[in-house]
1. Exactly one condition in (1) over 25 Å from T223 (Cα atoms); (2) small (G, A, S); (3) out of contact with any strand residue (DSSP E or B) (no Cβ under 9 Å at 6 or more places or on another chain) is false for A44; which is it?
2. Taking the stated definitions as given, is A159 more than 16 Å from the ligand (Cβ to nearest atom), part of a strand (DSSP E or B) and in contact with a Phe, Trp or Tyr (Cβ under 9 Å, 6 or more places away or on another chain)?
3. I want to confirm something. Restricting to region 386-423 and keeping residues that are of a type in the set (S, T, N, Q) and crowded, with 24+ Cβ neighbours inside 10 Å, which single residue is farthest from the ligand (Cβ to nearest atom)?
4. Inspect all residues belonging to region 371-385 and state whether any of them is in a loop (DSSP other than H, G, I, E, B) and surrounded by 23 or more Cβ atoms within 10 Å (Cβ to Cβ).
5. In the list T290, T223, which residue meets the criterion of being in contact with a Pro (Cβ under 9 Å, 6 or more places away or on another chain), away from the ligand (no atom under 14 Å from the Cβ) and among the β-branched types (V, I, T)?
6. Does I383 satisfy being within 13 Å of the ligand (Cβ to nearest atom), modelled with pLDDT of 95 or more, touching a Pro at 6+ places or on another chain (Cβ under 7 Å) and not small (G, A, S)?
7. Has region 142-152 got at least one residue that is part of a loop (DSSP other than H, G, I, E, B) and not hydrophobic (A, V, I, L, M, F, W, C)?
8. Condition first: among the polar types (S, T, N, Q), under 24 Å from T28 (Cα atoms) and at pLDDT 95 or above. Can you find one or more residues in region 251-266 that meet it?
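The values are calculated or read from the model by the stated rules, or taken from the named source; none is laboratory data. Bear in mind that the values here come from a model prediction, so they are computed numbers and not experimental data. Here Cβ is always computed from backbone atoms with ideal geometry, including for glycine, and neighbour counts include all displayed protein chains.
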Amino acid sequence: MEMKSKKFLLPEGDIPKAWYNIAADMKTKPRPMLNPATKEPLAAEDLFPIFAEELSRQEVNQTDRFIEIPEQVREMYRNYRCTPLVRAYGLEKALGTPAHIYFKNESVSPVGSHKLNSALAQAYYHKKEGNTNLTTETGAGQWGAALSYATQAFGLELAVYMVKISYQQKPYRRSIMQTFGAQVIASPSMSTKAGRKILTEQPNHMGSLGTAVSEAIELAMQTPGCKYALGSVMNHVALHQTVIGLEAEKQMELAGEYPDVVIACFGGGSNFGGIAYPFLRHNLSGEKNTRFIAAEPASCPKLTRGVLAYDFGDEAGFTPLLPMYTLGHDFAPAHIHAGGLRYHGAGTVVSQLLSDGLIEAVDVQQLEAFDAAVLFARTEGIIPAPESSHAIAATINEALKAKEEGKAKTILFNLSGHGLIDMTAYDSYLSGDLTNFELSDETIRQNISGLDLIA
Ligand SMILES: Cc1ncc(COP(=O)(O)O)c(C=O)c1O
């Protein structure tokens, strides 16, 4: 009997040579970022004090469809790319679904998640432009781990503000960052004005990504030769992640299929954009009609319950004003274990796509995410990151719908990371201690009141 293929693999020569910039193909372009003081649109140069110059240019680029990947970055990608596309036969069987489920396995990167795809690119440009130090924030620790490795590889120093709750829940991610040579600080901390202000008002504050971003930007602005790097939200980060979708497109061809639905979990939008945009370009050109689903946590539902408004990317208000789906920059999300999804806003490109009805969003409760994670672990042998489990839960829902409808849909989801360093979360699920979090309309209303809404 002929064995059906489980994995679809590409040789190193097929690592993409360029990233795909969806903004060039969008009919309605994302609105510009604004200077908070003057409310004037910002140009790339306005971002130079914080970000690398080339990254700033990528951020506002709405004309070049493809942006060349520097050879040194491709060289580093060879350490783990191309990542496998896998058919989830085990999960399909357990669900008894006629759907064909595929996942792109980004958990095979040396640091365990997709975050390395952008970390390597960012470290490369900073080194090239003569910067010596970087600061960043990290939620679950996946981005911090990726940037620690990438800065080490390109000879830069790194300070990471790690959300305090994750610092405590995920001590081994801290050790990973330190192993790669980074300095790790629990945020909020006493080392910055932004941190001191929060700790003075709320001494037991357990941190949020928005706060950690403020601290990292403050340190970068005060230190010569030091810039700031962000692991999500910004357009240039999702741009770098498009290697995921570009590879997956070729691999789906090898499998002889094309996805009806593409799904990814959603923090600020980088892994979602990474897998979705290369396929979405065929919707934009009118050739295909794929659905794209962003799966966010019910406790931090900026896409499903937030508003489109101009808001800050960080708690202290150091960033430009971004046109984004947001819950308000001082929204304090519940302490779910998917630390990387606890962010109040969505990137500007992804926000425009949602507002234009080109993508969809669903929210997933914490227990549903872990039910999905455990089923996936038992059927496919990979323990997923709590963040990625949101994509798995949404995939399971789509596969069960296909079963009800008797349709053999093709579903592709992104396995953004593994959860082998998130076992405290699994412990708490398995011992029945994990809970859902309900978020009232009133709390949302309070947080978004005062925002500058976009009609
Ligand atoms: C494994 C994993 N998946 C997803 C995310 C969410 O980020 P993004 O929406 O930028 O992909 C994170 C963020 O830390 C993560 O660690």
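1. Only one criterion is unmet by A44, namely (1).
2. When the stated conditions are applied, A159 does not pass them.
3. Taking region 386-423 first, the residues of a type in the set (S, T, N, Q) are 388-389, 395, 397, 410, 414, 416.
Now restrict to residues that are crowded, with 24+ Cβ neighbours inside 10 Å: 388-389, 395, 414, 416.
Details: S388: 5, S389: 9, T395: 14, N414: 8, S416: 3 Å.
Checked region 386-423; the qualifying residue farthest from the ligand (Cβ to nearest atom) is T395.
4. Residues of region 371-385 in a loop (DSSP other than H, G, I, E, B): 381-383, 385.
Now narrow it down to the ones that are surrounded by 23 or more Cβ atoms within 10 Å (Cβ to Cβ): 385.
There is at least one residue in region 371-385 that is in a loop (DSSP other than H, G, I, E, B) and surrounded by 23 or more Cβ atoms within 10 Å (Cβ to Cβ).
5. Testing whether each residue is in contact with a Pro (Cβ under 9 Å, 6 or more places away or on another chain), away from the ligand (no atom under 14 Å from the Cβ) and among the β-branched types (V, I, T) leaves just T290.
6. Taking the combined requirement at face value, the residue does not satisfy it.
7. First pass over region 142-152, keeping only residues part of a loop (DSSP other than H, G, I, E, B): none.
The answer is no; no qualifying residue exists.
8. No, there is no match, as no residue in region 251-266 is among the polar types (S, T, N, Q), under 24 Å from T28 (Cα atoms) and at pLDDT 95 or above.
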